[in-house]
1. Determine, for each peptide in 228-240, 62-74, the mean count of other beta carbons within 10 angstrom over its residues, then list the peptides with the highest first.
2. For Phe189, what residues show an amide H to amide H distance below 5 Å, using hydrogens built from the backbone and excluding near sequence neighbours?
3. Based solely on C-alpha atoms, express the radius of gyration and the Dmax of region 31-153 in angstrom.
4. What is the sum of charges, Lys and Arg at +1 and Asp and Glu at -1, for the other residues whose Cβ falls under 15 Å from the Cβ of Gly207?
5. What span do the alpha-carbon atoms of region 123-170 cover on each of the three principal axes, reported in whole Å from largest to smallest?
6. Quick check for me: using +1 on Lys/Arg Cβ and -1 on Asp/Glu Cβ, what's the dipole size of region 1-147 about its Cα centre, in debye to the nearest 20?
7. At 0.36 nm per residue, and after removing the present C-alpha to C-alpha distance, how many nm does the segment from Thr222 to Cys197 gain when stretched out fully?
8. Using the charge dipole of region 57-200 (Lys, Arg: +1 at Cβ; Asp, Glu: -1 at Cβ; taken about the Cα centre), state which of Leu70, Ser184, Gly115 has its Cα farthest towards the positive end.
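Readers should treat all values here as calculations from the given coordinates under stated rules, not as data from a laboratory. Just so it is clear, the structure is predicted and the values come from calculations on it, not from any experiment. Heads up, the Cβs are rebuilt from the backbone with ideal geometry, glycines too, and the neighbour counts pull from every protein chain shown.
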Amino acid sequence: MASTRDLQLNSGMRCAKYMLLIVSFMFAITAILLVMVGSTIQAIFGDFRQFVDDHFLSPPALLIAIGFILLFVATLGAYGAIKESVMLINLYGVCLFMVFILEISASIAAFVMQGQVREMLIRTMNDSLANYETNDYIKTGVDYMQQGLECCGVNGPNDWLGYYPQTNTTSESNGIVEIDVPSSCCGLFNIYDFNQCDRQFESGCLGRMDFIISQSTMLIATGATTVAFVQLLGALCAFMLAKTLRRNKSLREARRWQLQQSLGVLISGGKMAPPMNSPMTGYTQLEKSEKFLEHDPIVYTPSSPSVN
């Protein structure tokens, strides 16, 4: 019966350990995914840096930081599981709860920013068109946007009418207004004359930019929210596993104490010879100074006179 009980305790400890290792491994994979998603969104915002305000760069940077923190926390949880340390596992749960708070903060910021995307893009894109001819950095960014997204202007090519110099007076041919636009608005150049555009982009860039930035912020918000609640479940699981490990350790120590008590009963019953100075025998050997000297003579003094 005792061996069966010990086997159950060891099985419980092993189950809790392996469960925590699996949870930590899953969180490590999640951390890597968070870093990858945050880096990708940060790269997208970097490509269109001049059209994105500075505070829009905070959520992806926070997502990357959360990923690295979560990777460290997952390593801490795995180490605590291997060492069967209740303190480390409780610390692991506390760290997961702190990561949960950071992820909720990132998701709230992303949700708030999503409603500001269109207004921000209208302002920044019109400012870029106005400074296209005077700022080489802005010119490079606008050309990259128009070529990459295959668009022209904010809402269409007509937006360049007030910002791009017109070599000829705006004319009409076959009822179509011809406006001079940058070469980045051209989708197909003439094979005989590269200065002549055969096909021009007609759609504006606002809708496509709005879709890219809005979807990026939505990805941050939904991803951080989903992972946050998984983190919360992970923290609760860590605390429960720590409680299980503590209980199993207590039961194991209780079994060890019972075994020691059983050995003490066997010793006191005479089935085993205890050491001379063992506290189980109730006897403690006297010190040398307290012993009687074996060679001292014994003198007898009568208390009354002897009778002859």
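1. Final packing ranking: 62-74, 228-240.
2. Asp198
3. Answer for region 31-153, Rg first and Dmax second: 20.1, 66 Å.
4. Every neighbour counted, the sum reads -3.
5. Extents along the principal axes, in whole Å: 28, 22, 19.
6. 800
7. Stretched fully, the Thr222-Cys197 segment lengthens by 4.7 nm.
8. Leu70
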